[in-house]
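Colleague: Have a look at this one before I ask anything.
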Amino acid sequence: MRSCHESKIYVSQLTMSDSKHILIAGCGYLGEIIARNCLESGHSVTALKRDPSTLPAGISSRLAIDMSQPFELKENYDWIIFCAAPSSHDRASYEQTYVAGLRNLITAAQDFKDKPEVLFVSSTGVYGQDKGEQIDEEANTWPHTFSGEVMLDAEGTLETFHKDAIILRLGGIYGPGRIGIVDRFKQSPRLSLANPYTNRIHSWDAARAAIHLLTTGANRIFNGVDSEPVPVNNVRKWLSKELSIPLQAGLDETPPLHGSKRVLNDKLLGSGFELLYPSFREGFQAIFKENS
């Protein structure tokens, strides 16, 4: 839950002079944060989800739609934010969610009276570099995982239908209710043998970035990460000190899931965006404080 001070900062940066009619397609963890704050800023929000009964009570406009199948939209929207998540971690589920789902969504919007602004939440997984390279938006995309391959295919699908769309490539999302790296560290407080660079972004900053880019009329591709790509052992050493959990002997030999790269956010910051949590330290400290 946000503190009053953080909520004030967060909402004030989303306030705009004109109200938008916004469709959030795939309204899960990140989508709910976007929806809540758009509503607090006076915008009209419709949440699209296979099972909208799981949405918070404050999101009253809902569509129960399976985007993997063709569907129709009966209303026009100014903005469409696609931030769906697959139901399972396999290629078929990813393709149904990101390729088929995005294609069906854009097709459903073709008959809108006015062309909507579209933002697709993609992933830094489309970058397959694994030697600690610095990665900006012009870097080659050669994903080494099926998830990265599917996300890149989805980006291509979107560009075919909507050349001016925004693609926001997010690093690992963490935030209230999503602190997997902390939970894993508590279970096995050891350093990593591979010690890859990791890239992440707080969920509130991810949501703010999406709305910022739509508000400023940006187009094309942006990396959505904080300002400190960091070796995973730096995070684990910090957690050991912060949580008073001694590091265990021996090394964690689990191979890196997402390579080892340093994703840069210069383009996002250059657009005028300011991070609430410029590194993992500020982000996790805020979460620990709220949970204390």
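Each reported figure results from applying straightforward, stated rules to the coordinates on display, with no laboratory input. All values derive from a computational prediction rather than experimental measurement. A quick note on method: Cβ atoms are made from the backbone with ideal geometry, for glycine too, and the neighbour counts reach across all protein chains shown.
Colleague: Would you calculate the separation in nanometres between label points at Asp111 and Ala249, each defined as 7 Å from the Cα along the Cα-to-beta-carbon direction?
Modeller: 7.0
Colleague: I want the local charge near Asn265. Using Cβ-Cβ distances under 12 Å, sum +1 for each Lys or Arg and -1 for each Asp or Glu among the other residues.
Modeller: -3
Colleague: Taking only Cα atoms of the range 54-171, what ratio of Rg to Rh do you get with Rh as the Kirkwood inverse-distance radius?
Modeller: In the range 54-171, Rg relative to Rh is 0.99.
Colleague: Can you show me the helix-derived [θ] at 222 nm for the chain, built from DSSP H runs with n ≥ 4 at -39,500 (n - 2.57) apiece and divided by the number of residues, rounded to the nearest 500.
Modeller: -10000 deg cm²/dmol
Colleague: Can you check what the Kirkwood hydrodynamic radius comes to for the chain, Cα pairs only, in Å to one decimal?
Modeller: Computed over Cα pairs of the chain, the Kirkwood hydrodynamic radius comes out at 19.7 Å.
Colleague: For helix 280-291, report the angle its Cα long axis makes with the longest principal axis of the Cα atoms of the chain; keep it between 0 and 90° and round to the nearest 10°.
Modeller: 80
Colleague: When Lys261, Lys74, Lys186, Lys267 are ordered from fewest to most other Cβ atoms inside 10 Å of their Cβ, what list results?
Modeller: Neighbour counts put them in this order, fewest first: Lys74, Lys186, Lys267, Lys261.
Colleague: So what's the angle, to the nearest 10 degrees on a 0 to 90 scale, between helix 203-215 and the longest Cα principal axis of the chain?
Modeller: Rounded to the nearest ten degrees, it is 40.
Colleague: Which pairs, out of Lys241/Lys289; Lys20/Lys74; Lys49/Lys113; Lys49/Lys261, put more than 26 Å between their alpha-carbon atoms?
Modeller: Checking Cα-Cα distances, Lys49/Lys261 exceed 26 Å.
Colleague: Treat the range 126-265 as a sphere of radius equal to its Kirkwood radius over Cα pairs and apply Stokes-Einstein at 25 °C in a medium of 0.890 mPa s; give the translational diffusion coefficient in µm²/s, rounded to a whole number.
Modeller: In µm²/s, the coefficient rounds to 149.
Colleague: For the range 239-292, place one equal point scatterer on every Cα, skip the solvent, and apply the Debye formula. What is log10 of I(q)/I(0) at q = 0.16, 0.18, 0.27 Å⁻¹?
Modeller: Calculated log10 I(q)/I(0) at the listed q: -0.84, -0.95, -1.06.
Colleague: Which angle from 0 to 90°, rounded to the nearest 10, does the C-alpha axis of helix 232-242 make with the longest principal axis of the chain?
Modeller: 70
Colleague: For the chain, what proportion of DSSP beta bridges, expressed in % and rounded to the nearest 5, is antiparallel?
Modeller: Of all bridge pairs located within the chain, approximately 10 percent are antiparallel.
Colleague: In whole Å, how far is the Cα centre of the range 239-279 from that of the range 42-96?
Modeller: Value for the Cα centre distance between the two parts: 30 Å.
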